[in-house]
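See below for the structure under consideration.
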(Lines give C-alpha, C1' and ligand atoms only; values in the text may rest on other atoms or scores of the structure.)
Protein backbone atom coordinates (compact mmCIF):
# COMPACT_ATOMS: atom_id res chain seq x y z
CA UNK A 1 0.00 0.00 0.00
CA UNK A 2 1.34 3.43 -0.95
CA UNK A 3 1.84 5.94 1.81
CA UNK A 4 0.49 9.47 1.56
CA UNK A 5 4.05 10.63 1.19
CA UNK A 6 4.58 8.39 -1.85
CA UNK A 7 1.34 9.61 -3.39
CA UNK A 8 2.17 13.24 -2.77
CA UNK A 9 5.63 12.71 -4.26
CA UNK A 10 4.28 10.94 -7.33
CA UNK A 11 1.43 13.41 -7.80
CA UNK A 12 3.89 16.26 -7.37
CA UNK A 13 6.14 14.81 -10.08
CA UNK A 14 3.18 14.45 -12.46
CA UNK A 15 1.86 17.86 -11.51
CA UNK A 16 5.26 19.48 -12.12
CA UNK A 17 5.54 17.91 -15.54
CA UNK A 18 2.08 19.17 -16.38
CA UNK A 19 2.91 22.59 -14.94
CA UNK A 20 0.09 22.26 -12.45
CA UNK A 21 2.31 22.74 -9.43
CA UNK A 22 4.87 25.35 -8.63
CA UNK A 23 7.87 24.93 -6.34
CA UNK A 24 9.88 27.95 -5.30
CA UNK A 25 12.98 28.13 -3.14
CA UNK A 26 12.86 31.16 -0.87
CA UNK A 27 16.02 31.05 1.23
CA UNK A 28 15.90 27.61 2.76
CA UNK A 29 12.12 27.53 2.81
CA UNK A 30 10.35 25.50 0.18
CA UNK A 31 6.98 26.72 -0.93
CA UNK A 32 4.80 24.16 -2.56
CA UNK A 33 1.57 24.90 -4.27
CA UNK A 34 -0.74 21.92 -4.52
CA UNK A 35 -2.95 21.06 -7.42
CA UNK A 36 -6.64 20.76 -6.52
CA UNK A 37 -6.60 17.08 -7.36
CA UNK A 38 -3.68 16.43 -5.03
CA UNK A 39 -5.27 18.50 -2.29
CA UNK A 40 -8.54 16.59 -2.57
CA UNK A 41 -6.63 13.34 -2.47
CA UNK A 42 -4.84 14.46 0.69
CA UNK A 43 -8.07 15.61 2.35
CA UNK A 44 -9.54 12.17 1.72
CA UNK A 45 -6.45 10.31 2.98
CA UNK A 46 -6.21 12.37 6.16
CA UNK A 47 -9.90 11.76 6.85
CA UNK A 48 -9.37 8.00 6.38
CA UNK A 49 -6.43 7.85 8.78
CA UNK A 50 -8.26 10.01 11.30
CA UNK A 51 -11.28 7.68 11.12
CA UNK A 52 -8.99 4.73 11.80
CA UNK A 53 -7.70 6.49 14.91
CA UNK A 54 -10.94 7.70 16.47
CA UNK A 55 -13.40 4.96 15.47
CA UNK B 1 54.45 -27.30 41.94
CA UNK B 2 53.50 -24.39 44.21
CA UNK B 3 55.01 -21.96 41.68
CA UNK B 4 53.02 -23.55 38.86
CA UNK B 5 49.80 -23.24 40.85
CA UNK B 6 50.54 -19.57 41.60
CA UNK B 7 51.30 -18.96 37.93
CA UNK B 8 48.02 -20.63 36.88
CA UNK B 9 46.12 -18.60 39.50
CA UNK B 10 47.67 -15.37 38.24
CA UNK B 11 46.84 -16.32 34.63
CA UNK B 12 43.26 -17.15 35.56
CA UNK B 13 42.97 -13.89 37.49
CA UNK B 14 44.35 -11.87 34.55
CA UNK B 15 42.12 -13.75 32.14
CA UNK B 16 39.10 -13.03 34.33
CA UNK B 17 40.10 -9.35 34.46
CA UNK B 18 40.34 -9.36 30.66
CA UNK B 19 36.86 -10.94 30.39
CA UNK B 20 35.48 -8.35 32.79
CA UNK B 21 37.16 -5.62 30.75
CA UNK B 22 35.62 -7.03 27.54
CA UNK B 23 32.20 -7.28 29.20
CA UNK B 24 32.61 -3.77 30.51
CA UNK B 25 33.59 -2.50 27.03
CA UNK B 26 30.54 -4.23 25.61
CA UNK B 27 28.34 -2.48 28.16
CA UNK B 28 29.92 0.87 27.27
CA UNK B 29 29.38 0.17 23.55
CA UNK B 30 25.73 -0.70 24.24
CA UNK B 31 25.32 2.48 26.27
CA UNK B 32 26.92 4.60 23.52
CA UNK B 33 24.69 2.93 20.92
CA UNK B 34 21.61 3.49 23.11
CA UNK B 35 22.53 7.16 23.65
CA UNK B 36 23.12 7.56 19.91
CA UNK B 37 19.66 6.15 19.15
CA UNK B 38 18.14 8.43 21.78
CA UNK B 39 19.92 11.44 20.25
CA UNK B 40 18.68 10.47 16.77
CA UNK B 41 15.15 10.17 18.10
CA UNK B 42 15.41 13.52 19.87
CA UNK B 43 16.65 15.07 16.63
CA UNK B 44 13.72 13.56 14.73
CA UNK B 45 11.25 14.87 17.29
CA UNK B 46 12.88 18.30 17.17
CA UNK B 47 12.56 18.23 13.36
CA UNK B 48 8.93 17.24 13.64
CA UNK B 49 8.15 19.85 16.25
CA UNK B 50 10.02 22.44 14.18
CA UNK B 51 8.21 21.50 11.01
CA UNK B 52 4.76 20.64 12.26
CA UNK B 53 2.65 23.59 13.12
CA UNK B 54 1.36 23.01 16.64
CA UNK B 55 -2.42 22.60 16.96
CA UNK B 56 -2.39 26.15 18.38
CA UNK B 57 -0.67 27.50 15.28
CA UNK B 58 -2.97 25.64 12.90
CA UNK B 59 -6.21 26.68 14.58
CA UNK B 60 -4.91 30.25 14.97
CA UNK B 61 -4.58 30.40 11.17
CA UNK B 62 -8.19 29.19 10.94
CA UNK B 63 -9.25 31.88 13.37
CA UNK B 64 -7.34 34.58 11.44
CA UNK B 65 -8.98 33.39 8.24
CA UNK B 66 -12.35 34.20 9.81
CA UNK B 67 -13.37 30.57 10.25
CA UNK B 68 -16.11 29.62 12.64
CA UNK B 69 -15.89 26.78 15.14
CA UNK B 70 -17.40 23.68 13.52
CA UNK B 71 -18.84 21.34 16.13
CA UNK B 72 -18.56 18.31 13.83
CA UNK B 73 -14.79 18.59 13.34
CA UNK B 74 -13.47 17.47 16.77
CA UNK B 75 -13.73 13.94 18.09
CA UNK B 76 -16.76 12.94 20.15
CA UNK B 77 -15.89 13.17 23.89
CA UNK B 78 -18.22 10.22 24.56
CA UNK B 79 -15.91 7.92 22.61
CA UNK B 80 -13.26 8.12 25.31
CA UNK B 81 -14.33 4.84 26.94
CA UNK B 82 -13.82 2.99 23.64
CA UNK B 83 -10.05 3.43 23.77
CA UNK B 84 -8.45 0.50 25.56
CA UNK B 85 -5.11 -0.38 23.94
CA UNK B 86 -1.93 1.67 24.43
CA UNK B 87 -2.04 2.73 20.78
CA UNK B 88 -5.67 3.87 21.01
CA UNK B 89 -5.08 5.71 24.27
CA UNK B 90 -1.88 7.45 23.12
CA UNK B 91 -3.23 8.49 19.71
CA UNK B 92 -6.49 9.78 21.11
CA UNK B 93 -4.69 11.66 23.87
CA UNK B 94 -3.10 13.62 21.01
CA UNK B 95 -6.46 13.94 19.25
CA UNK B 96 -8.25 15.27 22.35
CA UNK B 97 -5.31 17.59 23.08
CA UNK B 98 -5.68 19.15 19.60
CA UNK B 99 -9.46 19.36 20.10
CA UNK B 100 -8.90 21.10 23.43
CA UNK B 101 -6.72 23.67 21.67
CA UNK B 102 -9.31 24.11 18.92
CA UNK B 103 -12.06 24.80 21.48
CA UNK B 104 -9.78 27.13 23.45
CA UNK B 105 -8.71 29.26 20.47
CA UNK B 106 -12.35 29.72 19.48
CA UNK B 107 -13.40 30.57 23.05
CA UNK B 108 -15.83 27.67 23.33
CA UNK B 109 -15.97 27.31 27.10
CA UNK B 110 -18.37 24.35 27.22
CA UNK B 111 -16.34 22.41 24.65
CA UNK B 112 -13.10 23.40 26.39
CA UNK B 113 -14.48 21.88 29.56
CA UNK B 114 -15.50 18.66 27.71
CA UNK B 115 -12.07 18.21 26.11
CA UNK B 116 -10.27 19.09 29.32
CA UNK B 117 -12.19 16.27 30.99
CA UNK B 118 -11.21 13.94 28.12
CA UNK B 119 -7.51 14.82 28.39
CA UNK B 120 -7.55 14.41 32.19
CA UNK B 121 -9.37 11.08 31.94
CA UNK B 122 -7.01 9.86 29.22
CA UNK B 123 -4.09 10.96 31.42
CA UNK B 124 -5.35 8.58 34.10
CA UNK B 125 -5.73 5.78 31.56
CA UNK B 126 -2.13 6.33 30.45
CA UNK B 127 -0.89 6.55 34.06
CA UNK B 128 0.30 10.13 33.65
CA UNK B 129 -2.16 11.62 36.13
CA UNK B 130 0.78 13.29 37.90
CA UNK B 131 0.98 15.63 34.89
CA UNK B 132 -2.74 16.13 34.22
CA UNK B 133 -3.55 16.73 37.85
CA UNK B 134 -5.98 18.87 39.83
CA UNK B 135 -3.59 21.80 39.83
CA UNK B 136 -3.51 21.93 35.98
CA UNK B 137 -7.30 21.60 35.91
CA UNK B 138 -7.68 24.46 38.37
CA UNK B 139 -5.25 26.67 36.41
CA UNK B 140 -7.23 26.06 33.23
CA UNK B 141 -10.60 26.61 34.91
CA UNK B 142 -9.30 29.85 36.48
CA UNK B 143 -8.23 31.11 33.06
CA UNK B 144 -11.19 29.86 31.08
CA UNK B 145 -11.92 33.40 29.87
CA UNK B 146 -8.31 34.14 29.05
CA UNK B 147 -7.56 32.38 25.80
CA UNK B 148 -3.84 33.26 25.68
CA UNK B 149 -3.14 32.02 29.22
CA UNK B 150 -5.03 28.82 28.55
CA UNK B 151 -3.01 28.11 25.42
CA UNK B 152 0.21 28.64 27.39
CA UNK B 153 -0.97 26.25 30.13
CA UNK B 154 -2.04 23.58 27.61
CA UNK B 155 1.23 23.81 25.65
CA UNK B 156 3.33 23.71 28.83
CA UNK B 157 1.41 20.70 30.12
CA UNK B 158 1.94 18.74 26.90
CA UNK B 159 5.68 19.59 26.98
CA UNK B 160 5.83 18.34 30.58
CA UNK B 161 4.00 15.19 29.52
CA UNK B 162 6.54 14.54 26.76
CA UNK B 163 9.46 15.03 29.18
CA UNK B 164 7.80 12.79 31.79
CA UNK B 165 7.20 9.99 29.28
CA UNK B 166 10.81 10.16 28.08
CA UNK B 167 12.01 10.00 31.69
CA UNK B 168 9.84 6.91 32.17
CA UNK B 169 11.28 5.40 28.95
CA UNK B 170 7.85 5.42 27.34
CA UNK B 171 8.91 7.19 24.15
CA UNK B 172 6.46 5.12 22.11
CA UNK B 173 3.53 6.68 24.00
CA UNK B 174 5.00 10.11 23.43
CA UNK B 175 5.29 9.36 19.69
CA UNK B 176 1.67 8.16 19.59
CA UNK B 177 0.49 11.42 21.19
CA UNK B 178 2.48 13.48 18.65
CA UNK B 179 1.01 11.46 15.75
CA UNK B 180 -2.55 11.79 17.13
CA UNK B 181 -2.26 15.56 17.64
CA UNK B 182 -0.72 16.06 14.22
CA UNK B 183 -3.39 14.05 12.41
CA UNK B 184 -6.22 15.80 14.28
CA UNK B 185 -4.97 19.32 13.54
CA UNK B 186 -4.32 18.35 9.91
CA UNK B 187 -7.82 16.86 9.77
CA UNK B 188 -9.38 20.09 11.11
CA UNK B 189 -7.31 22.13 8.61
CA UNK B 190 -8.20 19.93 5.62
CA UNK B 191 -11.89 19.92 6.52
CA UNK B 192 -11.74 23.72 6.70
CA UNK B 193 -10.08 23.89 3.26
CA UNK B 194 -12.73 21.55 1.89
CA UNK B 195 -15.33 24.15 2.93
CA UNK B 196 -13.14 27.15 2.01
CA UNK B 197 -11.06 26.18 -1.05
CA UNK B 198 -10.12 29.82 -1.69
CA UNK B 199 -8.04 30.02 1.52
CA UNK B 200 -4.50 29.93 0.11
CA UNK B 201 -2.70 30.35 3.45
CA UNK B 202 -4.19 27.18 4.86
CA UNK B 203 -3.66 25.32 1.56
CA UNK B 204 -0.02 26.35 1.66
CA UNK B 205 0.30 25.17 5.26
CA UNK B 206 -1.23 21.82 4.36
CA UNK B 207 1.15 21.42 1.40
CA UNK B 208 4.10 21.92 3.77
CA UNK B 209 2.95 18.93 5.81
CA UNK B 210 4.61 16.70 3.24
CA UNK B 211 7.94 17.31 5.01
CA UNK B 212 6.43 16.79 8.46
CA UNK B 213 5.03 13.47 7.28
CA UNK B 214 8.48 12.31 6.22
CA UNK B 215 9.90 13.15 9.66
CA UNK B 216 6.92 11.64 11.40
CA UNK B 217 7.36 8.37 9.56
CA UNK B 218 10.98 8.34 10.72
CA UNK B 219 9.89 8.81 14.30
CA UNK B 220 7.25 6.10 14.12
CA UNK B 221 9.75 3.81 12.40
CA UNK B 222 12.23 4.25 15.26
CA UNK B 223 9.57 3.12 17.75
CA UNK B 224 8.09 0.55 15.35
CA UNK B 225 8.58 -2.52 17.53
CA UNK B 226 6.73 -1.00 20.45
CA UNK B 227 3.02 -1.32 21.19
CA UNK B 228 0.80 0.08 18.49
CA UNK B 229 3.52 1.58 16.31
CA UNK B 230 3.61 -1.11 13.60
CA UNK B 231 -0.05 -0.50 12.81
CA UNK B 232 0.43 3.27 12.71
CA UNK B 233 3.46 3.00 10.46
CA UNK B 234 1.57 0.94 7.89
CA UNK B 235 -1.33 3.42 7.85
CA UNK B 236 1.04 6.36 7.32
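The values are calculated or read from the model by the stated rules, or taken from the named source; none is laboratory data. No experiment lies behind these values; they were computed from the predicted model shown. Cβ: placed from backbone, ideal geometry, glycine included. Neighbour counts: every protein chain shown.
Brief remarks on what is shown
- Pairing each residue of region B:169-184 that is farther than 23 Å from residue A:44 by Cβ with any residue that is modelled with pLDDT of 90 or more and not in a helix (DSSP H, G or I), provided the two are 6+ apart or on different chains, yields C-beta distances under 7 Å for B:173/B:126.
- When the test is whether a residue is part of a helix (DSSP H, G or I) and within 20 Å of residue A:48 (Cα to Cα), residue B:96 passes it.
- Under the condition of being out of contact with any helix residue (DSSP H, G or I) (no Cβ under 7 Å at 6 or more places or on another chain), assigned to a helix (DSSP H, G or I) and facing chain A (nearest Cβ under 9 Å), the residues counted in region B:76-91 number 2.
Yes/no per residue for (1) touching a helix residue (DSSP H, G or I) at 6+ places or on another chain (Cβ under 6 Å); (2) modelled with pLDDT under 85; (3) surrounded by 15 or more Cβ atoms within 10 Å (Cβ to Cβ):
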site	(1), (2), (3)
B:146	no, no, no
B:152	no, no, no
B:171	no, yes, yes
B:187	yes, no, yes
B:190	yes, no, yes
B:208	no, yes, yes
B:235	yes, yes, yes
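- Test: residue in region B:51-64 that is within 14 Å of chain A (Cβ to nearest Cβ), within 15 Å of the chain's Cα centre (by Cα), over 22 Å from residue A:54 (Cα atoms) and modelled with pLDDT under 85: yes
- Test result for residue B:149, in a helix (DSSP H, G or I) and free of Cβ contacts under 8 Å to residues at least 24 places away in the same chain: yes
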